[in-house]
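Everything below concerns the one structure shown next.
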Amino acid sequence: MANGSKMNTSWIRSNATTIEYVRKWNIKKRPGAIRVMAFYQTSKMPSYSDATKLLLTGDSSVVSIIDGKEQASPSFYGGNKYGFSFSADQQLTNDFGLFARAGWNDGKHSTWVFTEVDHSATVGANILGSSWERPADEIGIAGATGGISKAHREYLKAGGYSFMLGDGNLNYGNELMIETYYKLQLHSSFSVTFDYQLINNPGYNKARGPVNALGIRGHVDF
C-alpha cells in the first residue's frame, strides 16, 4: 500500500510502469509543450465490483482494505490499474498563457494515494501583472471537472468506504470546480498567494455543496 508502514518487497507482483512523451516548441519565441503519459500498475488492490458483491450479501470484510485501515492478504495480488494523461500549455503573449490537462484510468480497482478520481479535465489561464505595473505578480483562473468509474460509484452507493470517500446512498454527479488565485510579490525573495475555490458536488455527491474554500500561501526563497 502506498505510504504504508510496511515495505512490500514482492516487486514482481507489485510494481508500476510509467511512460511519458514530451514535445516542446516555441511559437514566435514563446514556449509551449505537450506531454502524454501512460501507466500500468499491479498490486494488492481489491476490485470494486467484487467488494460491492460482498457488501450486498452483508460481508464488509474488504472495506477495511479499500479504506486503508488493513493490509490485504497475499491472495489480493493481481489487482491492476492502467490509464493515460495529457497536458499542454502555450504562452500566447509575454504576459498571458493557457493550459489544459486531462486524465483517465480504468477505475476498476481501489485507489490509495492522492485523490480518488478516475477521469478529469482542466483548462485555465495565467496573466502576469505587467499591465498594472506589477510584472512579478500573477493572476490565474481554471475550471475543472472530475468523476469516478461506474464500478467505483456502485461500491460507494452500496455503502462502501474508501480512503477519502463513502457515506452510502451516493447521489452521483461529477465534481465541478472553479479556482482563481493572485500571487502578490512583496519582495524579490517573498510572495503571498491568495486562493479561492468554488466546488460543486464535492465527493461526487449531488447532496453536498456547493463549497467555498479560501486559502493563503507564503513562499520564501533563500
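Observations on the structure shown:
- Only a single item in (1) within 29 Å of residue 219 (Cβ to Cβ); (2) under 15 Å from the mean Cα position of the chain (by Cα); (3) buried (at least 16 other Cβ atoms within 10 Å of the Cβ) is not met by residue 147, and it is number (1).
- Cβ-Cβ under 7 Å pairs, at least 6 apart or on other chains, region 10-31 side without any contact (Cβ under 8 Å) to a residue 40 or more places away in the chain, far side of a type in the set (Phe, Trp, Tyr): 16/39; 17/39; 17/40; 18/39
- Looking across region 25-67 at every residue that is assigned to a helix (DSSP H, G or I) and hydrophobic (A, V, I, L, M, F, W, C), the one that is nearest to residue 113 (Cα to Cα) is identified as 66.
- Taken as a whole, the condition of being crowded, with 17+ Cβ neighbours inside 10 Å and modelled with pLDDT under 95 does not apply to residue 181.
- Screening the candidates 37, 45 for the property of being surrounded by 14 or more Cβ atoms within 10 Å (Cβ to Cβ) and touching a helix residue (DSSP H, G or I) at 6+ places or on another chain (Cβ under 9 Å) yields one hit, 45.
- Of all the numbered requirements in (1) under 21 Å from residue 217 (Cβ atoms); (2) crowded, with 17+ Cβ neighbours inside 10 Å; (3) over 15 Å from the mean Cα position of the chain (by Cα); (4) hydrophobic (A, V, I, L, M, F, W, C), residue 125 misses one, and that requirement is (2).
- Looking at 92, 98, just one residue is under 22 Å from the mean Cα position of the chain (by Cα), more than 24 Å from residue 201 (Cα to Cα), surrounded by fewer than 16 Cβ atoms within 10 Å (Cβ to Cβ) and modelled with pLDDT of 95 or more, and that residue is 98.
- Count of residues meeting criterion [modelled with pLDDT of 95 or more and not in a strand (DSSP E or B)] in region 185-200: 0
The values are calculated or read from the model by the stated rules, or taken from the named source; none is laboratory data. Just so you know, these numbers come straight off a predicted model, no measurement behind them. Counting neighbours? That spans all protein chains shown, and the Cβs are built from the backbone with ideal geometry, glycine included.
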